[in-house]
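Read the structure below first, then the notes.
The values are calculated or read from the model by the stated rules, or taken from the named source; none is laboratory data. Computed from a predicted model, the values in this text were never measured in an experiment. Ideal geometry is used to build each Cβ from the backbone, glycine not excepted, and the neighbour counts take in all protein chains shown. Only protein heavy atoms, including side chains, enter the accessible area calculation; ligands, DNA and RNA are left aside. Shrake-Rupley method; radii C 1.70, N 1.55, O 1.52, S 1.80 Å.
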Amino acid sequence: MKIKLFHLAQLLGGKLIINGDEYSPFTPIELSLNVDSRKIKDGEVFVCIRGINSNGHDFAEDALKNGAIGLISERELKLDKDSYFQIVVNDTKEALKKVGKFILDEVNPVQICITGSAGKTTVKELIYSVLNTKLNISKTFGNFNTPIGLPLSLTKINMNTKYFVAEISASYPGEMDENLSIVTPDIGIITNIGESHLEFLGDVNGVFAEKVKLAKALKENCFLLVNGDNLLSRSALNFVSSGYSYGIKSLSNIIGENIVFNGSFTYFDVTINGKKAGSFSLETLGEHFVLNSLPAIYLGFTFGLTSNEIKTGLLNFKPLPGRGRLLNLRDGIKVFDDSYNANPLSFEASIRAFDKIHKINSILVMGDMLELGAKSDSLHRQIAKIVSANSFSKVLYVGKYASQIKDELSPDIEFIQFNDSFAISNYLKETVKSGDAILIKGSNSMNLEKVVEVLINW
């Protein structure tokens, strides 16, 4: 999307400053923004964000050297470049939100917004994969689900987009409100509500209060989809005039049933409001993938896709790195890469999926589950008990909750603590053998994705 500089300054309520003679207030620029000076692409505008540990204003000159054509900042900067523009605003984070809202208003797509304690990205990717077989759809990229990431994704949206699917984070009080100042959902989806981000939201009631704001924000005559297997998620239906539940265990409007695992595929049937909708398959393992596919299947039918188009979209879906990928490595070694993040809900789902993999020995590479506040000790102990109830031969642990895990593990399971992911990688290279399967799971800052990278390239 192109916009003239004076129009952008008006939109942001900012002061336009032009250095050099390359730009004028009437110069049209591509509305493409970036907040990382290291990843700037030629022609992008650098937004100077003040963070907890760094201040983007300190990297503005680097951004210009790396290809940025201008800046959005909170103060005027005198930098060593002959020609660039700068828009000075009161708050660059608010400026980003205004840009995102402006783009959505201009494009005016059907907005499908997803929140939940786990599974948001997978549901988003499944919906995109299904609807993309026939419809003009865009999505938030990666895990850009925050009030900063969401508008950055929107600056890349195709102007012909008719449907936009976005995951929405709600990890601290008020974050959902910030996101809802950008998006106005036509369709809301709540994947589940559980013990996540407790450090900031206090308890599951706090999590519920934040997530349910999505349901309350739905446009008139629109609908909500909720995971009916999760009682807190199901209760969000009380806040909407139109809503449907989906599940694989409960009595829901949309049900996945007769689930069969075969090799690296999962096969299942779907009924919608008591009528068989078809048989489907995914090139993934785990009941949670079936559960997460149900909103995509329902929306596929809702928006006029045929059963075959939905089947094609599901088979086109591949889990993103760190989100339930099954990797078949040399000598029959398998890695279930769920390294991106972890909370009790996602950890238990990951263990259940891993159980479906054919293997001789099971190894768990585990890191801390973070942001669980006062319940951190008890929730790590709870997961250790679940690990003990499954057939793991070893737990390789990195993090500060090692003693809580070790205390609750079965004595039959070998427990080894490591200082970092690099040490775990070296240990696995020396000890892993044919027929072993490795589940890798922990919070993102535990850097367990590096273990996956080492094993892939080993």
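For residues in segment 336-361 being in contact with a helix residue (DSSP H, G or I) (Cβ under 7 Å, 6 or more places away or on another chain) and of a type in the set (Ser, Thr, Tyr), which is farthest from SER421 (Cα to Cα)?
Of segment 336-361, the ones in contact with a helix residue (DSSP H, G or I) (Cβ under 7 Å, 6 or more places away or on another chain) are 336-341, 344, 347-349, 351-353.
Pick out the ones that are also of a type in the set (Ser, Thr, Tyr) and you get 339-340.
Numbers: SER339: 11, TYR340: 14 Å.
The residue in question is TYR340.
Of everything in segment 99-119, what is modelled with pLDDT of 95 or more, open to solvent by 10 Å² or more (accessible area, probe 1.4 Å) and outside any strand (DSSP E or B)? Give them in sequence order.
Answer for segment 99-119, where residues must be modelled with pLDDT of 95 or more, open to solvent by 10 Å² or more (accessible area, probe 1.4 Å) and outside any strand (DSSP E or B): LYS101, PHE102, ASP105, GLU106, VAL107, ASN108.
What about THR155, is it touching a Ser or Thr at 6+ places or on another chain (Cβ under 8 Å), β-branched (Val, Ile, Thr) and over 15 Å from THR121 (Cβ atoms)? Quick ask: steps written out before the conclusion?
Numbers: touching a Ser or Thr at 6+ places or on another chain (Cβ under 8 Å): yes; β-branched (Val, Ile, Thr): yes; over 15 Å from THR121 (Cβ atoms): yes.
Yes: the conditions hold for THR155.
Residues being in contact with a Leu (Cβ under 9 Å, 6 or more places away or on another chain), open to solvent by 40 Å² or more (accessible area, probe 1.4 Å) and assigned to a loop (DSSP other than H, G, I, E, B): count how many of those fall in segment 1-41.
Residues in segment 1-41 being in contact with a Leu (Cβ under 9 Å, 6 or more places away or on another chain), open to solvent by 40 Å² or more (accessible area, probe 1.4 Å) and assigned to a loop (DSSP other than H, G, I, E, B): 4 in total.
So is LYS356 touching a residue at least 24 places away in the same chain (Cβ under 8 Å), open to solvent by less than 60 Å² (accessible area, probe 1.4 Å), of a type in the set (D, E, K, R) and touching a strand residue (DSSP E or B) at 6+ places or on another chain (Cβ under 8 Å) or not?
Working: touching a residue at least 24 places away in the same chain (Cβ under 8 Å): yes; open to solvent by less than 60 Å² (accessible area, probe 1.4 Å): no; of a type in the set (D, E, K, R): yes; touching a strand residue (DSSP E or B) at 6+ places or on another chain (Cβ under 8 Å): yes.
No: the conditions fail for LYS356.
Can you tell me which residue within segment 329-343, out of those that are farther than 9 Å from LYS441 by Cα and out of contact with any Ser or Thr (no Cβ under 8 Å at 6 or more places or on another chain), is least open to solvent (accessible area, probe 1.4 Å)?
Only one residue fits best here, namely VAL335.
Restricting the search to segment 253-304, which residues are in a loop (DSSP other than H, G, I, E, B), crowded, with 16+ Cβ neighbours inside 10 Å and more than 25 Å from the chain's Cα centre (by Cα)?
Within segment 253-304, just ASN253 meets the criteria.
Collect the residues in segment 65-98 that are in a helix (DSSP H, G or I) and open to solvent by 10 Å² or more (accessible area, probe 1.4 Å), keeping them in residue-number order.
Within segment 65-98, the subset in a helix (DSSP H, G or I) is 65, 92-98.
Residues satisfying the conditions are LYS65, LYS93, GLU94, LYS97, LYS98.
Go through (1) assigned to a strand (DSSP E or B); (2) in contact (Cβ under 8 Å) with a residue 60 or more places away in the chain; (3) not hydroxyl-bearing (Ser, Thr, Tyr) one by one and return the number of the condition PHE46 breaks.
(2)
Quick check on segment 140-157. Is at least one of its residues without any contact (Cβ under 8 Å) to a residue 40 or more places away in the chain, buried (at least 22 other Cβ atoms within 10 Å of the Cβ) and farther than 30 Å from ALA374 by Cα?
Yes, because at least one residue in segment 140-157 is without any contact (Cβ under 8 Å) to a residue 40 or more places away in the chain, buried (at least 22 other Cβ atoms within 10 Å of the Cβ) and farther than 30 Å from ALA374 by Cα.
With the requirement that a residue be modelled with pLDDT of 95 or more, small (Gly, Ala, Ser) and farther than 24 Å from ILE157 by Cβ, what does segment 9-66 give you?
Within segment 9-66, SER24, ALA60 qualify.
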